[in-house]
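Below: one structure, written as structure tokens.
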Amino acid sequence: MPRIRGQRHRLFAAAVTALTVMSLAACGARTGEEPASGSQAAEVDTSGDTIKVGLLNSLSGTMAISEVTVRDALLLAIEEINADGGVLGRQIEPISEDGASDWPTFAEKSEKLIQQDGVAAVFGCWTSASRKAVLPVFEQNGSLLFYPVQYEGLEQSPNIFYTGATTNQQIIPALDYLREEEDVESLYLVGSDYVFPRTANRIITAYAEEHGIEIVGEDYAPLGSTEFATIATKVEDSGADAVFNTLNGDSNVSFFREYAATGLTAETMPVLSVSIAEEEVAGIGAEYLAGQLTAWNYYQTTEGAANESFVQAFQDRYGEDRPTSDPMEAAYTSVYLWAAMVEEAGSFEVEDVRAAADGITFDAPEGTVTVDGDTQHLFKTSRIGRIGADGAITEVWSSGEPIRPDPYLETYPWAEGLS
Amino acid sequence: MTTPDEPLKGLRITDLRVSFDGFTAVDGVSLTVGPGDLRFLIGPNGAGKTTLVDAVTGLVPATGSVEFGGTELLGRPVHRIVRLGIGRTFQTATVFENLTVLQNLDIAAGAGRSPAALLRRRKGVPDAVARALETIGLTDRRGDLAGTLAHGRRQWLEIGMLLVQDVQLLLLDEPVAGMSHDERAETGGLLRRIAEDRTVVVIEHDMDFMRTFASSVTVLHAGRVLSEGSVADVQADPRVQEVYLGHSPGEPVAAPAGGSAGGED
Amino acid sequence: MTVYLSQSFTGISIGAVLLLIALGLSLTFGQMGVINMAHGEFIMAGAYTVYMLQGPISDAGVSLLLALPVAFLVAGAMGALLEWLLIRRLYARPLDTLLVTWGVSLMLQQLARDVFGAPNVHTSSPDWLSGRLTLIGGEDPLTLAYSRLFILGLAVAAVAALTLTLRRTPLGRRMRAVVQHRDLAEASGIATGRVDRLTFFLGSGLAGLAGVALTLVGPIGPTMGTNIIIDAFLVIVVGGIGRLRGAVVAAFALGVLQAVMEYSTTVSVARVTVLIAIVAFLQWRPQGIHTLRTRSLA
Amino acid sequence: MTSTLTRWRAPAGYALGALLLFAVAPALLSDFRLGQLARYLCFAIVAVGIALAWGRGGMLTLGQGLFFGLGGYAMAMHLKLTDAGAGQLPDFMLLYGDTSELPWWWEPFRSPAVALAAVLVLPMGLAALIGYAVFRRRVRGAYFAILSQALAAAFAILLVGQQATTGGTNGLTNFQGFFGFSLLDPVNRRTVYFLIAAVLLLLMIGVRQLFLSRYGELLVAVRDSEERVRFLGYDPALVKLVAYVLSAGTAGIAGALFVPAVGIISPALIGIVPSIQFVIGAAIGGRASVAGAVIGAVAVAWAQTTLSEEFPAAWTYFQAGLFIAVVAFLPGGLVSLRRLLARRGPRVAEVPA
């Protein structure tokens, strides 16, 4: 017995010594200092014949439903560019990683793409949470992310290009539409409990105050929640002119069924949704959505030759029954924009690409988009759509011209104090 | 904790009642077990024998009064009753099968240990444990897992666990059920030795065993005390004969072979 | 006061769903002590049955009614298979059953994903279930959606059928005998293995029925089971093992509590309050509302 | 009884483990892979606690995410406040908050001492509260498992609902410094790895000592027959409580170390699914052995990253299948294979009922 104990004590002592040695050896930089060992910016690997880019989407888990479609659109764009000769004469080699609907995994995989694979840029992320999780990784490594989904604004990282709508390209036009075209004077806010709905609703509340719209209720359901009997009752009791819906995913199915069960309709109390795209309509059931409104920058039905060829190419590649949606279009566009930036810069280096970004335009399926170099967002056209009984979404209103991105809503006096 | 020098204590049960869902299992039992007695508790299935012991040891709520050495037991949690020096066994021997014989006894001996003592490793064999191993004859097998012991030896281990606990009152539920003839004799001898300085209550079906070893007997029937006294007194009691109808006075109860049926309470 | 009354009605609708999803568990968990985490996936199987039937049968009402027996059989068969393959080996280890069936639920979810695709699928509800019944008209009407009424009716019918099965049929008597004393039942010639499998078949079949009902109110997708399984178990835990009545009371009590809390606060506060109320309740009655006393000690 | 071989096996195993963690891994792995390993080791620390509470104590702790989260948030709040600087609000509050003032319950976390204490005190205190209430009323087995799960779910919902003060679903991210050292510097991130490895080893040794103590034997006794232990004069609730509280503490430490290692803590790490994931590793490796649980946790986490990259669908079947097979047919976990093969009688049977 005593021998064993002695041995253990020795082992313990060894561990403590090792720890002490390690911490003494590790006199790393203090907070705020530049690291001495300085491998700050990760190198873009330009050694091969091809240039590598990362695709970071959830291929498994709850978000896979949405994010796989984005991955498909990204791959389509890469294939098209490659078929057209590639970028700076090089073929693009996509490296796809699974974020697994888990934010730490997103951070880990983005680090892998940047450090191990030396990718020139990463395309992907869907939820704000995953974007927030990877943001420090991109900033620390000086790498680039192209983020293709409409989001809550209030962000402007030098290492991210935002190709989806910010709030003044989706939510504010939607409110303008409700106020001007539908004469809405009171609103009920329903959303999933996460950052986008909560931030969106703060903006909506500020807007409502400015424009004399009454917010008669505000409810959040936990993500994945499927019991909406009470919320539907509250919505019905409120007698609001319209509902502004920021619910996500599965919850929409239950919400619209309960909403229909209370006897409400698009005529009596229209619902404007900002997270329901073509992909989701089929799962919710078009008969529950008929006549309801959505706000996006792109619909499958958007007119123009660019969209016709996009839809055609996508369905040829992935199947006739596959719809196209706004995030897919924004993802598709983002690859083309990156390629154009690289061509303009004549280099794959992040700093050169960023410097070349301002004013880059692309004739996207949604119409012409232009990169705003200051905010690294796009000028985008806002569109209100109505969901038909067949599930197709058709445009009923558009801003006509691309709106300048304003992620911090600095040009809206009523939004002061929001951020 | 009590020490062997303390005077022996007796058990006094007054008007004890236990009922579940409207069914009264023990219906106003009063009995006194004197200090140092080796009392046998007999009765047909469903007489309330095990329930009585459950009530004494705090396992089921009951009304009335149970005093041990003048201390009221009813209303105390199980482990507190145990700490007053009352230990019991169950119909099916419950030992810790995944621990060795020695570990079983060591745990039984250690209820009063300080947290610091608990967090240290056991060194050697505590004296009380060594004595108990000797008494129950399992010294050779102390390193074996209790799960590997044969049925009879498990019962002895369980009794040994009560011994190291230094209990003053042992309540044994059919300790010899399923034992061979030789094992019964050995167990009986063990009980005698134990009863020298403790009070022992045994629930039993085996009448031969009872006749050989009991100092006194209480017969329960339908939740009530039917008869009480020496073995001879009880056997001569006509009420007892009536309950065990069809049996001659010399052979009041047939011992069910192979232990009890499970529905017994 | 009318708010609380109308919310009680909403609570009853929520409770009806809870009851239906928990009913099968009251057999498998309540009677047999098996924690079947794949119960949610059996519910999912029932829901996909409706989806499958709506392919060939376009009338939503016919396919819904037809789905009831079919889903019962499909989910029941899955349950019996699970019992035969895995669970019967694990009766002595309830916690391991929990983990094993969780693994099974993961597999079934992935299977659904591979067969039906990851996105939700859509089923139509029959016309006669749209709209709502007005119980009291006027300024503050008390109403109940027909779809909820259907679920309530289904739940009541299932409870009644189950009670009759348990009380009046030979199978029910055997089931109760096995629950109360397995060894004794076996000794009296009951084939406990067969009874176990039948019980599991019934319990899982009820999950299939719940799945059919859920297509009227919620999404149908590979992960639908995970969202409801904990709620279902909580109903049984609060209701108490082995008693149907407890499950019924618990389902409606939790439904009403959730509805009233949700109305007066927020959904997340309501969820947390309900959970804390359950923990507190178990402090008061650790064995649930109704307790079946078994006479064995351990 | 015990040969020289068995006597030296455990210390030798730990020495080998230390060698692997402190010398081999840092020498062979890139900064990125070492960072991944740091993450796996955090899960392994949780597994140490699970081995104690579940493997030895028979309490299926399906809600460890709750304690992991408490430890993680305590640490993350401190780091956020330090990053923000004196008198400033953390960045996310400026974005999403409705107030310009720091909520009162954030204030104490400015102090590193309070934050470090909270890493242990919050999870252990809460575990003591829950455990006392639950064990005293003899709620156990499946009831306990379901309740712990429900509590973890409730905590996640609560965090999500308080976006302005907790960061909501985003959680807390983007930490610049760790007690004065910049997390941007790879050297410091290596140090974090060493810290995690050292904590893991110390906890493993500590918990193993606990297994071998009288308390360890008593815990097995309680696991196998709680009633019997009660009749020996112990209060089984207290015996279980100690193991439960300690396992909550280890989960808290793991959560706190996870924050500088991975750079995020969010409700997604707290709810039902992550809580079960914690258990899976321990079950596959071997729930009742510290080394088994740790190896299992690391192996499953590693397999999850590598295999799920290649075959996301097949991975689900593989993981679930392995889990089912091990739990159903090899409850001692993969480490018990060795013993089965060696046919050596175990001193303490490691499989709870």
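Derivation of every value follows stated rules applied to the coordinates shown; laboratory data play no part. As the structure is a prediction and not an experimental result, all values here were calculated from the model. Using ideal geometry, Cβ is built from the backbone for each residue, glycine included, and neighbour counts are taken over all protein chains shown.
For the residue pairs A:K52/A:K112; A:K132/D:K80; A:K52/A:K132, the C-alpha atoms sit more than 18 angstrom apart in A:K52/A:K132.
Its Cα gyration tensor gives segment D:4-342 an equivalent ellipsoid, and the semi-axes of that ellipsoid, as √(5λ) in whole Å with the largest first, are 32, 25, 19.
Segment A:79-149 and segment D:317-337 have Cα centres lying 36 Å from one another. Only helices reaching 18 angstrom along their own axis (Cα) with mean Kyte-Doolittle hydropathy no lower than -0.5 count here, and for the DSSP H runs of chain A these are A:2-25, A:64-83, A:128-141, A:195-211, A:326-345. Against the empirical curve 2.2 N^0.38 Å, the C-alpha radius of gyration of the protein assembly as shown lands at a ratio of 1.02.
Which chymotrypsin sites (Phe, Trp or Tyr not before Pro) from segment D:52-104 combine a DSSP loop assignment with at most 10 other Cβ atoms within 10 Å?
On the way: sites: D:W54, D:F67, D:F68, D:Y73, D:F92, D:Y96, D:W104; in loops: D:W104.
Listed in order of number, the matching sites are D:W104.
Annotation note: GluC sites (Glu not before Pro) in segment A:199-295 located in DSSP loop regions with a Cβ neighbour count of at most 16 within 10 Å are A:E267.
Highest mean packing comes first when the peptides A:299-310, A:160-171, D:20-31, B:179-190 are listed by Cβ atoms within 10 Å, giving A:160-171, A:299-310, B:179-190, D:20-31. Counted by Cβ distance under 10 Å from A:Q115, the other residues give a net charge of -2, where Lys and Arg count +1 and Asp and Glu count -1. For the peptides D:255-262, C:260-267, the ranking by packing is D:255-262, C:260-267, with the highest mean count of neighbouring Cβ atoms within 10 Å listed first. Scanning chain C for DSSP H helices at least 24 Å long along the axis (C-alpha atoms) with a Kyte-Doolittle mean no lower than 0.5 picks out C:2-25, C:60-85, C:94-116, C:146-168, C:192-214, C:244-264, C:267-284.
Taking the number of Cβ atoms within 10 Å of each Cβ as an exposure proxy, the fewest-first ranking of C:V272, B:V56 is C:V272, B:V56. Membrane-span-like helices in chain D, defined purely by DSSP H runs whose alpha carbon atoms cover 18 Å or more axially and whose average Kyte-Doolittle hydropathy reaches 1.0, are D:31-50, D:112-136, D:141-161, D:186-212, D:236-262, D:272-285, D:290-310, D:312-329. Taking Cα atoms only, the orientation of helix B:127-136 departs from the longest principal axis of chain B by about 50 degrees. Think of chain A as having a plus end and a minus end, set by charges on the Cβ of Lys, Arg, Asp and Glu; of A:T361, A:N168, A:V134, A:V134 sits farthest toward the positive end of this dipole. Note on A:T411 and B:S230: their simple-model spin labels are 11.4 nm apart, each label 7 Å out from Cα toward Cβ. Legend: ranking of residues D:L172, C:L90 from fewest to most surrounding C-beta atoms inside 10 Å; resulting order C:L90, D:L172.
Here the dipole of the protein assembly as shown is about 8520 debye; that uses its Cα centre as origin and unit charges on the Cβ of Lys and Arg (positive) and Asp and Glu (negative).
What is the ratio of the Cα radius of gyration of segment C:2-284 to 2.2 N^0.38 Å, with N the residue count, to two decimals?
Rg over 2.2 N^0.38 Å, computed on Cα atoms: 1.01.
Net charge dipole, segment D:4-342: roughly 1320 debye, given to the nearest 20, about the Cα centre with Cβ charges of +1 for Lys and Arg and -1 for Asp and Glu. When the Cα positions of D:Q163, D:W315, D:G35 are compared along the charge dipole of segment D:4-342, D:W315 comes out farthest toward the positive end, with charges on each C-beta of Lys, Arg, Asp and Glu. For segment A:392-419, the residues whose backbone nitrogen is under 16 Å from a point 7 Å from the Cα of A:Q156, taken along Cα to Cβ, are A:404-413, A:415-419. Counting only other chain Cβ atoms within 10 Å of each residue's Cβ, the peptide D:171-182 averages 5. Relative to the current alpha-carbon distance between B:D127 and B:T148, full extension at 0.36 nm per residue lengthens the span by 5.1 nm. Dipole check for chain A: with +1 at the C-beta of Lys and Arg, -1 at the C-beta of Asp and Glu, and the Cα centre as origin, the magnitude is about 2480 Debye. Centre-to-centre, using Cα atoms only, segment A:324-338 and segment B:222-245 are separated by 94 Å. Would you work out if segment A:210-291 is rounded, prolate or oblate? Take a ≥ b ≥ c from the square roots of the eigenvalues of the alpha-carbon gyration tensor; rounded if a/c is under 1.5, else prolate when a/b is larger than b/c, oblate otherwise. Note, shape of segment A:210-291 comes out rounded. Once the Cβ-Cβ distance of C:L5 and A:E180 is raised to the sixth power relative to R0 = 35 Å, the FRET efficiency obtained is 0.30. In segment C:2-284, taking the dipole from charged Cβ atoms about the Cα centre, the farthest positive-side position among C:S8, C:Q31, C:V179 is held by C:V179. For the pair segment D:12-80 and segment B:62-124, the centres of their Cα atoms are 37 angstrom apart.
Are there chymotrypsin sites (Phe, Trp or Tyr not before Pro) in segment D:108-179 that DSSP puts in a loop and that have at most 15 other Cβ atoms within 10 Å, and which ones?
Of the chymotrypsin sites (Phe, Trp or Tyr not before Pro), the ones in loops of segment D:108-179 whose Cβ has at most 15 other Cβ atoms within 10 Å are D:F179.
Calculated FRET efficiency, D:A314 and B:T212, Cβ-Cβ r, R0 56 Å, to nearest 0.05?
E between D:A314 and B:T212, to the nearest 0.05, is 0.20.
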